[in-house]
Structures are given as C-alpha cells and as structure tokens.
Amino acid sequence: MSGGKMLRHIQFWILAVLGTVLLTGCGSEYLVLNPKGPVAETQYNLIIISTILVAVIIVPVIALTAFIVYRYRDTPGNKASYKPEWAHSTTLEVIWWIIPIVIVALLGYFTVRDIYLLKENPNKEVAPMTIQVTALDWKWMFTYPEQNIATVNHLEIPAGVPIRFQVSADAPMNSFWVPELGGQIYAMAGMATELYLQADEPGTFAGFSSNFSGEGFAKMQFNVVAKPKEEFDNWVKEVKGTTPAMTKADYEELRKPGVTDKFTYSAFPEGMFEEIVAKYGHGHDMDYVMEKPPAPAGDKSSNETSQNTQQKTESHNMPGMNHSSMNH
Amino acid sequence: MWENIKDFASTFFVTGDPLIYGADVSIVLSMVAIVFVLTKYKKWGWLWREWLTTVDHKRIGIMYLIASLLMLFRGGVDALLMRLQLAFPNVEFLNSDHYNAIFTTHGTIMILFMAMPMMFALFNMVVPLQLGARDVAYPFLNALSFWLFMLGAMLFNISFVIGGSPDAGWLSYPPLSQNEFSPGPGQNFYIWGIQISGIGSLATGINFIVTILKMRAPGMKLSKMPLFSWSVLSSCIMIIFAFPILTVTLALLFLDRFAGAHFFTMDGGGNPMMYLNLIWMWGHPEVYIVVVPAFGIFSEIVATFSRKKIFGYKSMVWAMMIIAVVSFFTWAHHFFTMGTSASVIAFFAISTMIVGIPTGVKVFNWLFTMYRGRISFKQPMLWTIAFIPCFVIGGATGVMLAVAPADYQYHNSYFLVAHFHQVLIGGVVFGYLAGIYYWWPKLFGFKLDEKLGKWGFWFWNIGFYVCFMPQYALGFMGMTRRYYTYGWDRGWADMNLVSTVGAFMMGIGFIFQVWQIAYSIKNGERDTTGDPWNGRTLEWSIPSPAPFYNFAVVPQVKEMDDWWATKEAKANGTYKEEPAKLEPIHMPKNSGIPFIMANFWFLVGFGFTFGWVWMAVIGFIGVFACMWARSFQYDTDYYVPVEEVRRTEASLGRVV
C-alpha cells in the first residue's frame, strides 16, 4: 500500500474520533455532560480539564505518527534522511519522560483536590437533608428519616437543598447513580456509604443501578423528581395523608427477588435502615459501621438537626466502610 | 427409573433454547467428523506421538495458537449475540439469564482463554529461538502447562451445554456468585475452569523466567537481550506474583459455595469487599500481563520494518519493569465508588495515572524508531501502526478514568467498556496478530497472504472504531454495562445500532483472516531463506520452519541485534567465518503424562462442579499417580546424533 493511501486512512480515523467526541457535546440525552447540581458540576469540570490535558498529548502524538509514517515510508526516491544506527538521544528521552510526568502532576492536583471536596456537603449555606437508600433484588427503597415516609423506585427531593444519601443493600451489590446530579456510590450489605447530591433546579432526573446484580438488574431504574421546597413539603403532607404505612411484613415482601412498580408509604418501621445495615454488620462496633441519622425532624427547626449531622460527618468521614481491608 | 433419568438429563443438559440446541448439534457433528477423519486416515497414532505427547516448545506454541483462535471465535460469537440483543430497544432475542451468561463467558474467555493462550503461543513460538536456546528450561512442565490450560478451558466451555453457564460477571463478584444468588453448577464451572488453567499459567510464568535467565546463548547479556524477551520477563514476573492470589481467592470462594464457609458471604462474618480486593490484586496486573508482551512484539516489528535499531532500548526496558511493579498498586481503582476514605482513593488515583508515564514513553520510542528509518507496510507493521493511535486514545481515556471524581460518573458505564476494549483490542489483539503475522513463517515455513490479510486488517480497524466510539458516547448518556435491554425513551438506540454494525465488521475481518490462513496453507509464499523480513534477531538465522532442535550450532552472541550485525559484517566483507563444529544435541523425550494428568484434573473439576466427591477423589488419585509415575521416570532425555543433525539441515537447504 502506498503511504498516501495510508495517510488518508489515518485521517479518516482521526475525523471519526473527533466527530464522535464533538457529537457528545450536544443534546440533553448526554446526561453526564448536562450537570444539574453542584456535585455533577464539579465532576463535569474535571472531565473537561482531564480531556484537555490528555488531548495535549494525544493530538500531537497522532499527528506525529501520521507525519513520520508518511515521511519515512519505504518508496523508491524517498529523499528523507535514513540513519539506521541512530538509536539514542538523551535530550529527547528526557523530554518525553518529563512531559507525561508534568501532565500527571497537574491532573493529580485537580483529582486529589476534588476527591476531598466531594466528601463534604457541596452547599455550605444550606443544611443537608438525609435520605436512606436500600438496594433490594431488583428495586430501590428510599426511606426519609426526617419525614418518616418511604418510597420504592421513585424519589422526590427538594430543589436547592443538598441531600445526604446513606446507601446500603439487603441484596447483592448495586450502585446508586443519578448522572445529572453527580457520580455514583456502591450499595453494599452491612455498610452504609455516604453520598451528597443536590439539584439546583426543579426537574426530573434519571437514576440507575450501575453495578450488575442479577436477572432483574436492567430494570432497576428510577426517576428523581426535584421540586421547590414548598411543593416538596406539600407532597410529604399528601403522602402522609393518602398512602398506607409500611409494615415489617410489607418489607419482607419487598425484599423478595423480583421487579416491582413504584410505591409510596406514609411511614416505615422506626430504625429499619439501621436494622438492615446491622443485620450484616456481624459483630463490628455498630457506631462504626452505621452512624445514627438524626431523629425525625418533624416540626423542629431543621437547622439544629443538620448541624448535628455535619459534626458527625466530620468525625466519621467514612461511615459504614470497613477499613480493615484497605487501610491497615 | 425412566422418570429419574429424564429428570437428571433435564437438569444436567441445558435445555429450552433453540440457540443451544443448535450448538449441541454442531458440537456432536464436529466430534463425529474429527473421530471419523482420524480413523479413516489412521491418524490416531500420529496424533498421540506427534502432538498429544510432544514437549517441543514450537508444537506446544502451535497448539496454544489453535486453541486461542478457537476461543477467539467463541468469544466473538458471544460478543455478536450481545450486540444483536442491544441493537434495538426492547429486543427479545436473548432473555436476561441468557444474556448474563453470555457476557460473563465472553469476558472470561477473551481474557483467560483467548488472550492468555495467544500470549503463551507467542512465548513458546519465539522466546527460545530469540535467546538462541534449544528448548525452554522445563519442557515437561511446559507440556503440562498447556494441557492444564486446555482442559481448564474445555471444562469452562462445556458449561454452555451441560449444567448451565456462569452468569455473575467475568470476575464473579460475591455475594452474587454465592449459592444463595447463583445456585447450580455455573459458578463452579467458573471456579474450576479458571483454577485448573491458572495452575498452568503460573507454571508457564516460572518456566519462562528460568528460561530467560538461564538459557540465553553464550554472550547474550541481559543488556543485549531482544526486547520481546524482556517483555516476556516482565510479564512472567507479574504472573508469579499475581496468579497465586487468584488461586487462593477462587479456593476461598469455592469453600464458601461447597463447604458453607463465610469468607465472602454477606452474613456469617463474611466480607464480599475482601473478594473485590483480592480478585483485582490479580485482575489488574493480569491486564498488564497480557499487554506488556505486545509492547515487546511492537518493539521487534518497528525495528525490523523500519530497518533501524530500536530507539531508546534502555528506556524501553525500564518502562516495562516499572509497569510490572506499579501494576500491583492500582487495583482499587476498580472500585473507587465503594466510598472508601479520600486518602485511599487519592493514592490509587495517582498510582493509576503513573502507569501512563512509562507507557507514553514507549510510544515516543516507537515513533522515533520509525523516524529516519524506512518503513515498509507489511502486515505486521500495518497492525503496529494501527495500534499507536488506538492505544494512545485508549490510554488517554484510561487516564481520564483514573481521575477518581470523574470516575464516579464513568464507573461501570459504557465509557469504561469502550476504554478497556480499546486498550485490549488495540493493544493486545492488534499486538498478538502483528506477532503472529511476523513469526508465522518461522513456525510454518510460509507467509500469510498479504491481500486477504489487508482486507481483514481494514475490516477489523474500521469496525473497531465504528463499534467502540459510540460506546464512549453511550457512557455519557448514562448507559451502564450489562443491561440486557433498554427503552426507546433513553435515546440510546442510534449509538447502539451503529456499535452493532461495527462489531459485525470486526467479525467479517476475522472471517477474512480464517480464509487467509486456509488460502495460504495451499498458496502462501514459501520462506526458503529463513529470514523473510530481513530480521535482526537470532530466530531469523535458522531455517524456516525451525528444526525441532532449533540451532544446529549454538550461536555466539556479540552484539544486540546479533543477526543483523552478522549480516552487515558479511556484506562489508568483515565477517570471520568460524568453522562450525556439530555436536550431538541433548533433547527431552516426549511424554504422555502431562496429557493424562490434565485429564485427571478435568475429572477433579467436573466432580466438584456437580458435587460428586467420588469423581473428584478418583481425579485426585489419578493426578497423584501421574506425579508418582513421573518421579520414577529416569529415562527422560536422549541425544540427537551429529549425522541426523547434518541430514536435517541439508534437507532444509543448509550446509553445516
């Protein structure tokens, strides 16, 4: 094959790649690239920063490849220099050891900064609200300890308020993911992981399970509806007045493997989430495995409760995580 | 009685799916055909003497190659079935269970039963030749490694028609892979299939480390060793540290399932996250184990087809050794999203990015090997050139995934799927194919047809981008791996359809390659020189196909790229011919024990899979009997007389 033909093919690939990348920039179906809250926003910025930094390497390298392959092709009459013994240059090698080191250092800085940032409440001005998430075979159960209501396969939240999710499972591992609001966290039995998300504006956001858990896994999807604070409060009142309370028996029914519809409950057995976590806590110190959520807020000023929450969060940066396998 | 048999058969054999009945029929037909051909042409004795009992590293390499190509076919069919299922929303081609089994076996087969044996094929076909050695350090163990791999792979593969395939993902995470959620033999097939072949892989790792360190031709210092052999050394070091972890992890999972232990259960004191840590402590180095030898292959090919010395030899060696070490400190990036502490995530994020540095250095070195060279576009070089942009993009998305907070958004999504296919296909598959095209004449004595090969090449390459670029986009759209279906409302349909088209293009590329091999056996250009590419390293100094003892006279190595230096000296007239002195050659004898012992291991695995302890016990007794027999075998080697060496060389057109 001639070098020219080769080069045209390489150009085709580059265009194909760029075309796809550009396509990803538009359209609301690209959930990850349409952040609707501060957490997703932080992650979106990191995606952009990292894309630019790696592009600084890959674009010149691909261009250089095309150039070298074309220029030094083995055709009669190629006048480019041919130096079969030239195989070392300290200057050049130092340069390309250093370039990636600099890129990794830069990227490492942004990465580490945001890793710590995302462990905290993204919105320091507003006290967070707690929602507990339990992954079941193959459905999501949400319990609102402050409102004492529960839902299955759908989630309603107040817009503009950071939500502190405590995530666990009474089934094989799942991952709780609402791309437009921010990245995911694993739902694991015997632990309660923590994730802050916030919706800046009212809207409906798609939520997924992104860790394979068996037969009904593909159906473990839900919608998150963010509403203005008053509407959310009205919705809670409505739920209180019109839906049944969840009993232990209801829960036992729910946790059986299978796909179900959406449900809403006006109440749930007290401490149910803590019990689910403790069930698989097998003898660990339970304060360590599971941090107690604040008591149901009811009519109390929610400010007090949330300060309480934040203090606890600081002292246990990582509730529910069993360190033994990682840190020691 | 009849009812009992019917009952047993319906649980033992997988029933109820027309696709599987079709497979049953084709398996039985091909078995009958093989038996018929072997009997009709009286080839049973030949098969036993020449292949089943061989300890010749080149033949073992060829068997690895055939096995891996078959597995590439099976893994590829799995991939196409999945892509068909996902081509349109709400397709009901495969149900959830069947889909889960197919993606599980696709992953396991491609990594463990396709990439690994293709890598071992190249180790066996090339390393001793490149070192100027007559065999590997432990030829008997080498044969045993192959048969353990083969029978392990067979055990895993029959799960498809007997008992039911594993369906908990290619790494079989508990608690999903525990009895409670995965009853039946599927996961047991997984555990024992991998366990048995894994023992073989570990032995191969040890074998090649010793071969490289102890069997190099006189004068070949490590600093003059060809880069492919260096890459094999790096890969084997990773194997001997990583595979014991896999063995223990699978053994513990088996104890959970078989003996009611609680290592990884949700309750009873078990911890599933411990399994994730352990399996990725093996699994992450594993991906480097398969990709580093490809780096070695590219280094050989780039130098040969640019007619130029490899650029930055020392950097290349350092880069591969650094990768071998750092690969053991990155495993937790596979579960950044498990909510561990910020400092742990930061450590693994940074160490993952660091792997990109030596890899990037290697790319520049390859480019500058081509720089001021003369590049000829033969098939091995085509695949090498195609590898560079593909791997650079794949590596870049890998660095993007290492940015932990961004990974919270990519984790388990199609962005990830596209990334690892890009590095594994772009790096491993392209690399091994390049290596196979490159060394094919040395093993078989003829070249593979260029024209058909180029058709295959373009279908593979264009198909690759059509298949996987849309998957990056799907990741941004929120599509997660392992969904067997999705609705129209998600907006994922277009990209999935395009991706499916690309997958089929790669399938067509594979068909061209099969055609190419079949065509070339008959019409391929014969290699009479032994050096069809104008190579640089020792393997090109002997005739093609290489005689069973490799080197009639063991070469004295003076320089890096010794064969190239010899050719140059001959051209300049400065070459001093030293009188060759033939001596009787010491060779190992063939043995049937590796084959028989591996079959007993199969019995062990099959017995434990179905909980038939009696069968496993028989298997273990057989295994120990084989070990016993071998340890009292004293007559294991012989000498090839000088006259026979002279005759063989003459028949290959050489005067010695």
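The values are calculated or read from the model by the stated rules, or taken from the named source; none is laboratory data. Values in this document were obtained by computation on a predicted structure and should not be read as measured data. In this analysis, Cβ positions are derived from the backbone assuming ideal geometry, glycine residues included, and neighbour counts consider all displayed protein chains. Quick note on the areas: whole protein, heavy atoms, side chains included, nothing else; ligands and nucleic acids left out. Shrake-Rupley method; radii C 1.70, N 1.55, O 1.52, S 1.80 Å.
Some observations on this one:
- One Cα centroid belongs to the stretch B:88-152, the other to the stretch A:250-276; the line between them spans 45 Å.
- Computed over the stretch B:494-544, the range of Cα coordinates on each principal axis works out to 53, 26, 11 Å, biggest value leading.
- All aspartates and glutamates inside 20 Å of B:LYS378 as judged from Cα atoms, apart from same-chain residues fewer than 8 positions distant: A:ASP74, B:GLU300, B:ASP449, B:GLU450, B:GLU525, B:ASP527, B:ASP531, B:GLU539
- Cβ-defined net charge surrounding B:PHE93, 14 Å radius [Lys, Arg +1; Asp, Glu -1]: -3
- Relative contact order (%) - the stretch B:260-335, alpha-carbon pairs under 8 angstrom, separation at least six: 34 percent
- Percent RCO, i.e. relative contact order, over the stretch B:109-215, from Cα pairs under 8 Å lying at least 6 residues apart: 40 percent
- When only Cα pairs below 8 angstrom with a gap of at least 6 residues are kept, the stretch A:108-149 shows a relative contact order of 25 percent.
- Simple Cβ-charge dipole of the protein assembly as shown, Lys/Arg +1 and Asp/Glu -1, about Cα centre, in debye nearest 20: 4480 debye
- Placing a pseudo-label 7 Å from each Cα along the Cα-to-Cβ vector at A:THR204 and B:LYS558 gives an inter-label distance of 8.1 nm.
- Charge dipole of chain B about the Cα centre (unit charges at C-beta), most positive-ward option of B:THR537, B:SER10, B:ALA404: B:THR537
- Calculated over the stretch A:150-272: convex hull of Cα atoms, volume per residue (Å³): 106 Å³
- Solvent-accessible surface, computed for protein heavy atoms with a probe of 1.4 Å, shrinks by 50 Å² or more for the following residues of the stretch B:254-270 when the other protein chains are added to the isolated chain: B:MET266.
- Averaging Cα coordinates gives a centre for the stretch A:75-105 and one for the stretch B:379-450; these two points are 22 Å apart.
- Dipole magnitude for chain B: about 2100 debye, using +1 per Lys or Arg Cβ and -1 per Asp or Glu Cβ, origin at the Cα centre.
- Over 23 Å apart at the Cα level, from the set B:LYS308/B:LYS558; B:LYS442/B:LYS522; B:LYS314/B:LYS576, are B:LYS314/B:LYS576.
- Over the protein assembly as shown: helical MRE at 222 nm, DSSP H runs n ≥ 4 each giving -39500 (n - 2.57), nearest 500: -19000 deg cm²/dmol
- Backbone N under 14 Å from the B:ARG630 label point (7 Å along Cα→Cβ), restricted to the stretch B:573-615: B:589-602
- FRET efficiency, 1/(1 + (r/R0)^6) with R0 56 Å, evaluated for B:ILE621 and A:VAL259 via beta carbons: 0.70
- For the stretch B:378-474, the share of accessible area belonging to carbon and sulfur comes to 76 percent (1.4 Å probe, ligands and nucleic acids excluded).
- Cα gyration tensor shape of the stretch B:1-137, rounded if a/c is under 1.5, else prolate or oblate by comparing a/b with b/c: oblate
- Å² of accessible area per residue within the protein assembly as shown, as computed with a 1.4 Å probe and no ligands counted: 38 Å²
- Estimated buried accessible area (total), pair A and B, 1.4 Å, Å² to nearest 100: 9300 Å²
- Candidates B:ALA434, B:SER631, B:PRO218 compared by Cα position along the dipole of the protein assembly as shown: farthest toward the positive end lies B:PRO218, with charges placed on Cβ.
- Counting only DSSP beta bridges whose two residues both lie in the stretch A:142-251, roughly 80 percent are antiparallel.
- Length gained on full extension, B:VAL32 to B:ILE521: 173.6 nm, using 0.36 nm per residue less the C-alpha separation.
- Computed from the C-beta positions of B:LEU497 and B:LYS214 and an R0 of 45 Å, the FRET efficiency is 0.25 to the nearest 0.05.
- Relative to the longest principal axis of the Cα atoms of chain B, the long axis of helix B:313-326 lies at roughly 30 degrees.
- Relative to one another, the C-alpha centroids of the stretch B:491-530 and the stretch B:541-569 are positioned 34 Å apart.
- Overall, the stretch B:1-122 carries a charge dipole of about 780 debye about its Cα centre when +1 sits on the Cβ of Lys and Arg and -1 on the Cβ of Asp and Glu, all other atoms neutral.
- D_trans [Stokes-Einstein, Kirkwood Rh over alpha-carbon pairs] for the stretch A:58-120, 10 °C, 1.306 mPa s, µm² s⁻¹: 102 µm²/s
- Extending 7 Å from Cα along the Cβ direction at B:ARG654 and again at B:PHE13 yields two label points whose distance is 5.3 nm.
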